[in-house]
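The values are calculated or read from the model by the stated rules, or taken from the named source; none is laboratory data. These numbers were taken from a predicted model, which means no experiment stands behind them. Reconstructed Cβ throughout: ideal geometry from the backbone, glycine too, with neighbour counts over all protein chains shown. Accessible surface is based on the protein model in full, side chains and every heavy atom, while ligands, DNA and RNA are left aside. Shrake-Rupley method; radii C 1.70, N 1.55, O 1.52, S 1.80 Å.
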Amino acid sequence: MDQRYRIPPLAALNAFAAFARTGGIRRAATELRVDHAAVSRHLRDLEQIVGTTLRDRTSGTLTQAGQTYYSQIAPLLEGLARATADIRQQTPHLTVTCAHGFAYHWLLPRLSLFRRTYPHIDLLLRPVDANTAFNANGIETDTHADIFYARDDAMPPSLRTVRSVAIARPPVFPVASSGCITAMGGQPHFLADLLKAPLLQEENEAEWRCWFNAHHVPAARIPCAGRLWQAHITLAAARAGEGIALGNAFLLGDDLENGRLVRVIPTQEPMEENPLGSYILRASDRAWENHSLSIFRTWLLEQVAIQTVTLSP
């Protein structure tokens, strides 16, 4: 065989593709369920075979040559996987990565309906950190979609190779346990009174600052009763009576109906319901028209529409 057309070992190609998708050797090893040393070895072997550096050791990212190589081999590896699945007569597969709060409190309770309606689709729900990067040349393939929350003041840049649709734009409002409200001496009189209350923050004060700005409340300083990284964790702390958290209908589940949380509503001042951002479904151009994703996208928008009607006064 002409050595120019020697194909590298599949294990090395899979390790390289996993590294490109996940952006890290340890994350690639976790995805492949192998030791990270094996991934490193496969990457070194592949670089020796192709005769060029595929990853930048300083930044941990792909080199230009690595990006080019991945963009060329990824569709081929995906085609090989599809062909193998077809000959095995496996069901269509779809992976949906999703922000934790939306996944646990809204999407998960509805997935049984999706599976009953579309039993031929093998859907994997994979909650991910809200700050996990979605690389257009990375983890997504033509069987992968991502759901994330984008605040209006922090919208990600649009990527030419990524298509998206806004799923929902829910109002955001403060909630707390009834015990917390009692400890505060009851509901606040004015919105500005919340600046003296125990406010639970996510990674930083940005969400609360956006909320106060939306309600035209000057806030030189945002009090902090604890920083808890993600919205669903701040809500868990609120249920435990540790303070006030910001939430929306997609994060609260049945907390309000069951009394685990109550809305914080000033008694002497009206409070508007303002959205601060949107939940967005996105996928690569290749994935967008995938039949399984098209079905899931239509179903997802239908479920959001049902919720919207249910919540309407």
Legend entry - Karplus-derived HN-Hα couplings along the stretch 65-73 (A = 6.51, B = -1.76, C = 1.60, θ = phi - 60°), whole Hz, x at Gly and Pro: 5, x, 4, 5, 4, 5, 4, 7, 8
Inset, instruction - Provide the per-residue ³J(HN,Hα) series for the stretch 47-62, in order, calculated from phi with Karplus coefficients 6.51, -1.76, 1.60 and θ = phi - 60°, each as a whole number of Hz, with x at glycine and proline positions. - result: 5, 5, 5, 7, x, 7, 7, 9, 9, 7, 5, 7, 8, x, 9, 6
Legend entry - For the chain, accessible area per residue (1.4 Å probe, heavy atoms of protein chains only), Å²: 53
Inset, instruction - Please report how far the C-alpha centroid of the stretch 230-304 lies from that of the stretch 24-61, rounded to the nearest whole angstrom. - result: 37
Inset, instruction - Would you calculate the separation in nanometres between label points at Glu78 and Thr53, each defined as 7 Å from the Cα along the Cα-to-beta-carbon direction? - result: 2.9
Legend entry - Estimated inter-spin distance, Gln187 and Thr308, nm [label 7 Å along Cα→Cβ]: 2.8
Inset, instruction - Round to the nearest 10 and give me the degree value, 0 to 90, for the angle of helix 108-117's Cα axis relative to the longest principal axis of the chain. - result: 50
Legend entry - Vicinal HN-Hα couplings computed from phi for the stretch 213-226 (Karplus, 6.51 cos²θ - 1.76 cosθ + 1.60; Hz; Gly/Pro x): 4, 5, 9, 6, 10, x, 9, 5, 9, 9, x, 10, 8, x
Legend entry - Ranked by how many other beta carbons lie within 10 Å on average, peptides 257-265, 194-202 from highest: 194-202, 257-265
Inset, instruction - May I ask you to derive the FRET efficiency for Ser178 and Leu10 from their Cβ-Cβ distance with R0 = 45 Å, giving the value to the nearest 0.05? - result: 0.20
Inset, instruction - Would you mind checking which residues have amide H under 5 Å from Gly277's amide H? H placed 1.01 Å from N; only 5 or more apart, or other chain. - result: Asp152
Legend entry - Ranked packing of 183-193, 238-248, 107-117, 293-303, most packed first, by mean Cβ within 10 Å: 238-248, 293-303, 183-193, 107-117
Legend entry - Pair Arg110, Arg33: separation of 7 Å Cα→Cβ label points (nm): 3.1
Legend entry - Sulfur and carbon atoms: percent of accessible area, the chain [1.4 Å]: 54
Legend entry - the chain - mean residue ellipticity at 222 nm from DSSP helices (-39,500 (n - 2.57) per run, n ≥ 4, rounded to 500): -12000 deg cm²/dmol
